[in-house]
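Q: Take a look at this one; I'll ask things after.
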Amino acid sequence: MTVTIGWYMSLAAVLFSIGAAGVLMRRNALVMFMSIELMLNSVNLTFIAAGNELGLVEGQVAALFVMVVAAAEVTIGLAILVAVFRRRATANVDQLSELRG
Amino acid sequence: MTEVILFVIFAAVALAGALVMVSARNPVYSAIGLLAAMFTMALFYVMLDAHFVAAVQIVVYAGAVMTLFLFVIMMIGVDKKEDTAESIPFQRGITIVVALGLGVVIILAGSQVWITGNTAFGSPDLVGTIETVSDAIFGTWTIAFLSTVFLLTIAAVGTVALAMFGSKAVPEVESEEGA
Amino acid sequence: MIDYLWLLIALPLLGAAALVVFGKRIGEPVSGWLASALVIVPFLIAVALTVPFFGEAEPEHVFVFSWIPMIGANVSFLWDPLAALMTLIVTGVGSLIHIYSIGYMHGDDRYPRFFGYMNLFIASMLTLVLADNFALMFVGWELVGLSSYLLISFWFSKPSAAAAGKKAFIVNRIGDWGFLVGLMLIFAAFGTLDFGIVFAEAGTVLSVGMATAITLMLFLGATGKSAQLPLYVWLPDAMEGPTPVSALIHAATMVTAGVYMIARTAAIFELAPVTLAIVAIVGALTALFAATLAVGQRDIKRVLAYSTISQLGYMIMAVGLTALTAGIFHLMTHAFFKALLFLAAGSVIHAMTNQQDMWKMGGLRKYMPTTFVTMAIAWLAISGVFPLSGFWSKDEILGAAFAKGGWFTILWVIGVITALITAFYMTRLIILTFFGEKRWDSDTHPHEAPSTMTIPLIILAFFTAVIGLWNTPVRLGLEHFLEPSFGSVDQVHAAGGLTVWTLALISLAVITVGILLAYHRYGRGELPTEEGGYWAAALDGYGVDGFYGKVIVAPGKSLATWLAMILDVRVVDGFVNGLAVGVRMFGTSMRVLQTGWVRSYGAGILAGSLGVILWLLLRGGAF
């Protein structure tokens, strides 16, 4: 048997769900962020696998751009987190519930 | 055959890393788990003939992003263990349903529509070297590339702004449930 | 000249506007003279325009401007002998009453406003009379109702006056509803409201049933305006208004609008013999009923009010018998002698410093000779004494009833009995007021009225005496005059020759009996005390007002209260408030979603996206 594209896609799907579970279950903002990074990585894997299958370079181009965006997002997100921590001295997102109606 | 074995090993490492990341109480352990997952990602990219992207993955993700994460973890406070009780009702239930659901659905559905054996679009033995990738980026996808330049600039400026205008810390108060 | 017909209405209308707006600045006697002038000039114009009709001129249509051409309603006038006659009566008697009011209303602090309203009335009545389509006539109809209301409740600080004005307007409204329904039926049948087209095609377009429906509705309007059974109740109370108002509106002109309307629409009424019979019966019964009520009144104006209702009953009976000329003739003579009676009564009231109870008068003929003589002439006329005008017109009606034969002879009998009662109560009035011992308090000093008041009395007395001679059976002047208006209608006339003189003699005999009875009871020695039994019932109007109050007003009030207190407060407000409460409840239930926790929002997002993916896959047939 060979490693077909289906294997990569399935692995990506599983990693995606693990990342989703992490976002929803953890209260620490940093861990939530890292879970989101995991989800982005799984998407990257999907892109690359598809690009490889179709023989197109666009898969890798897309993965590169996703990486750029993820990097930018991490930068800003962590800056916000630090700013919030400076004010509240907590990284627990459940305590940031002023918008509760 | 070797490919299969390599795939299985690397997949196991990736999954282990992911699970560690999600379940570890200490955020540093989570970061290390994610790091492991990302390394294996790079390995997968190599297996898929995307050498350049693999290198970028290591340099950017494992090198820069995870380092940034670790810096912030250190700054914010490493030692605190968060309690394991869940405060939002039904959250555990919904999480399990959603996460399992997503995974199962995608696999099930995808298994019927994975692109298989269709090489009509490109060349079958494409290798993602620097030349091929940069041909695409600076050729067809120039505008997207330039947009990312803007994006990064804005991100950098934003970060500096946030750092400069932050205010003093307020001592931690009792957990406040919103009114 | 005919093109200036619109001035007849425009001048008094202008006067009304000017006096209402600038009245205070124009001040006392000037506003009175101005208002009178604005009625005298239309009278003169009308005279000039009427002369051609004596020379066999044709009726004319004068178009002023178009209003709602689609339904045949324009501001345009029909100038034919009937309209000319009505105009002359309205402006002639109207101007005399205006001049009289200059003296009568002296000292009132709303003097200019009074004359403004009087002018408004003249303009409205002329609109009614001159209109050549039903819509414009209805406008005039409603406006005279409005003027009547304004003038009855002129002294509105008196609660009884305000209530009387309200009552008049509301009771009239019932009649007006009937009139409006009639109008709608006419429009449904003909597609237009223009007199010319409607009357020309009435015979071919209308079935008997439709004609009966239309005429019954129109007659309902007439009963309201002309105070017949059952809508007469507003007229006695309308005496709360100043006496010139009673003279002008509730004797000479407005109340005759119903008679005029039926005469005008005779082409339709002709086609509905059932309605005509009802009209005649209602007229006769009203005449009798009101006459019996007049006998028992103590207030001099209320006697005259019931007398008006009774005489209107004669006119309505006449047009119900299709004796149109007789009806219009009586309308004209009645205008003169009833206006004279009211104005003279006003003179008496003025002299007695607003005392209206006849039992506190007596022996006034020595103090007010002019008033006495003129009122006596009117008394003889209304009683129907030869050769004054009332004799000729009343006997014309009675002769027509007799000539129609069959069961209409009963109406003739009713008419004769009513004539007896009329003679009786009028003689009673004259004796109680002018003869006998004086029964007033020592601080009342009766004196004759100023000449602005007595000259109109004299002029009216002259016409009361002679106008009847225009239409004697020997020389049917009015009949001839009104030929162009009524030519197409099959009129009933009193039979000529011996019959008419025999009937006249019977009437005269009956009248003499009435006068002698009254003289016997009141003219010799002690006055009888009139209390209890019949007398109390008559003063109460036989309890009709109370009856209406219980049967119509009280249920109406309780319905209104129910609607306001229960339907409006609980149902309507409840529904609106309920909507608000419902929205709030919905909002409160939706509040649960706003937890403020990012993770629950995240859960929602992921769950939603899972749902979307599932739906897309199912739709695409992936499973």
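Rule-based calculations on the coordinates, nothing more; no lab input. As the structure is a computational prediction, the values presented were derived from the model and not from experiment. Every residue, glycine among them, receives a Cβ derived from its backbone with ideal geometry; neighbour counts consider all protein chains shown.
Q: Estimate the FRET efficiency between C:Ile68 and C:Val489 by the formula 1/(1 + (r/R0)^6), using the beta-carbon distance for r and 30 Å for R0, to the nearest 0.05.
A: 0.60
Q: Highest GNM mean-square fluctuation, chain A, Cα pairs closer than 10 Å: which of A:Ile36, A:Ile18, A:Ile76?
A: Residue with maximal mean-square fluctuation among A:Ile36, A:Ile18, A:Ile76: A:Ile76.
Q: Pairs of Cα atoms under 8 Å, at least six residues apart: use those to get the relative contact order of chain C, whole percent.
A: 12
Q: Take peptide A:83-93, look around each residue's Cβ out to 10 angstrom, count Cβ atoms belonging to other protein chains, and average those counts.
A: So the per-residue partner count for this stretch is 6.
Q: Still on this structure, please answer the following. Under a Cβ-Cβ cut-off of 9 Å, what is the net charge of the residues other than C:Arg599 that fall near it, where Lys and Arg count +1 and Asp and Glu count -1?
A: +1
Q: Moving on. So, in nm, how far is label C:Lys158 from label C:Asn577 when the simple model puts each one 7 Å beyond its Cα toward the Cβ?
A: Here the modelled spin labels are 4.6 nm apart.
Q: If you don't mind, there's one more thing I want to ask. Give me the extension gain from B:Val46 to B:Phe90: residue separation times 0.36 nm, minus the current Cα-Cα distance, reported in nm with one decimal.
A: Stretched out fully, the B:Val46 to B:Phe90 stretch lengthens by 11.7 nm.
Q: Now for a separate question. Under unit Cβ charges (Lys, Arg +1; Asp, Glu -1), what dipole magnitude, rounded to 20 debye, does chain C have relative to its Cα centre?
A: Here chain C has a charge dipole of around 1840 debye.
Q: Going 7 Å from the Cα of C:Leu517 along its beta-carbon direction, which residues of region C:382-425 have the amide nitrogen within less than 17 Å of the resulting point?
A: C:383-385, C:413-425
Q: Specify the inter-centroid distance of region A:1-58 and region C:83-154, based on alpha-carbon positions, in whole Å.
A: 97
Q: What are the ³J(HN,Hα) couplings of region C:118-129, residue after residue, when phi is run through the Karplus curve with 6.51, -1.76, 1.60 and θ = phi - 60°? Round to Hz, x for glycine and proline.
A: The phi angles translate into 5, 5, 4, 4, 4, 4, 5, 4, 5, 4, 4, 6 Hz.
Q: Output ³J(HN,Hα) for region C:504-516: one whole-Hz value per residue in order, computed from phi by the Karplus curve 6.51 cos²θ - 1.76 cosθ + 1.60 with θ = phi - 60°, and x for Gly and Pro.
A: Working through the residues one at a time gives 4, 5, 4, 4, 4, 4, 4, 4, 4, 4, x, 5, 5 Hz.
Q: From the phi angles alone, apply the Karplus equation (6.51, -1.76, 1.60; θ = phi - 60°) to region C:574-590 and give each ³J(HN,Hα) in whole Hz, x where the residue is Gly or Pro.
A: x, 5, 5, 5, x, 4, 4, 4, x, 5, 5, 4, 4, x, 4, 6, 7
Q: List every residue whose amide H lies under 5 Å from the amide H of C:Leu229, counting only residues 5 or more places away in sequence or on a different chain, with H placed 1.01 Å from N in the peptide plane.
A: C:Thr286
Q: Among the trypsin sites (Lys or Arg not before Pro) within region A:13-101, which fall in a DSSP loop and have no more than 15 other Cβ atoms within 10 Å of their own Cβ?
A: Answer by residue number: A:Arg100.
Q: Once the Cα atoms of helix C:208-225 and of chain C are each reduced to a long axis, what angle between those two axes, in degrees from 0 to 90 to the nearest 10, is obtained?
A: In chain C, helix C:208-225 runs at an angle near 70 degrees to the longest axis.
Q: Additional query: Under 5 Å between amide H atoms, partner at least 5 residues away or on a different chain: which partners does C:Ser76 have, H built in plane at 1.01 Å?
A: Answer set, sorted by chain and number: C:Val64, C:Asp132.
Q: With loop defined by DSSP as not H, G, I, E or B, and exposure as at most 11 other Cβ atoms within 10 Å, which is the longest segment of chain C clear of exposed GluC sites (Glu not before Pro)?
A: Formally, the longest exposed-site-free interval is C:57-436.
Q: While we're looking at this one, here's another question. Using R₀ = 60 Å, calculate the FRET efficiency as 1/(1 + (r/R₀)^6) where r is the Cβ-Cβ separation of C:Ile170 and A:Arg100; round to 0.05.
A: Calculated transfer efficiency: 0.45.
Q: Give me B:Leu126, C:Leu516, C:Leu478, C:Leu248 sorted ascending by neighbouring Cβ count inside 10 Å, so fewest comes first.
A: C:Leu516, B:Leu126, C:Leu478, C:Leu248
Q: Can you give the mean number of other chain Cβ atoms that lie within 10 Å of the Cβ atoms in peptide B:18-25?
A: 6
Q: Going by alpha carbons, how many degrees (0 to 90, nearest 10) lie between the helix axis of C:369-383 and the longest principal axis of chain C?
A: Value to nearest ten degrees: 80.
Q: Where a ≥ b ≥ c are the square roots of the eigenvalues of the C-alpha gyration tensor, would you call region C:171-234 rounded, which needs a/c under 1.5, or, failing that, prolate if a/b is larger than b/c, or oblate?
A: Judged from the Cα gyration tensor, region C:171-234 comes out prolate (a/c at least 1.5, a/b above b/c).
Q: Calculated FRET efficiency, C:Ile455 and C:Glu531, Cβ-Cβ r, R0 56 Å, to nearest 0.05?
A: After rounding to 0.05, the efficiency reads 0.90.
Q: Let me ask something additional. Using alpha carbon centroids, what distance separates region C:229-261 and region C:554-612, in Å?
A: 57
Q: Taking neighbour counts of Cβ atoms within 10 Å as a proxy for exposure, in what order, fewest first, do C:Thr422, C:Thr427, C:Thr192 appear?
A: C:Thr192, C:Thr427, C:Thr422
Q: Continuing with the same structure: If you rank C:Ile410, C:Ile197 by fewest surrounding Cβ atoms within 10 Å, what's the result?
A: The most exposed by this proxy come first: C:Ile410, C:Ile197.
Q: Let me ask another. Find how many whole Å separate the alpha carbon centroid of region C:436-497 from the alpha carbon centroid of region A:78-101.
A: Each part's Cα centre sits 104 Å from the other's.
Q: Ok, one more. Based on the Kirkwood radius over alpha-carbon pairs, what value in µm²/s does the Stokes-Einstein equation return for the translational diffusion coefficient of region C:304-357 at 37 °C and 0.692 mPa s?
A: Answer from the Stokes-Einstein relation: 269 µm²/s.
Q: Is it possible to state the helix-based mean residue ellipticity at 222 nm for the protein assembly as shown, with each DSSP H run of 4+ residues giving -39500 (n - 2.57), the sum divided by total residues, to the nearest 500 deg cm²/dmol? What is it?
A: Calculated from helices alone, the mean residue ellipticity at 222 nm is -23000 deg cm²/dmol.
Q: Longest span of chain C, sites excluded, free of trypsin sites (Lys or Arg not before Pro) in DSSP loop with at most 16 other C-beta atoms within 10 Å?
A: C:111-297
Q: Taking Cα atoms, how many degrees apart are the long axis of helix C:81-104 and the longest axis of chain C, rounded to 10 and kept between 0 and 90?
A: 80
Q: Among the listed pairs C:Lys301/C:Lys404; C:Lys225/C:Lys338; C:Lys338/C:Lys557, give every one whose C-alpha distance is greater than 28 Å.
A: C:Lys301/C:Lys404; C:Lys338/C:Lys557
Q: In addition: Full extension from A:Ile76 to A:Met1: what is 0.36 nm times the residue separation minus their Cα-Cα distance, to one decimal in nm?
A: Difference between extended and current length: 22.5 nm.
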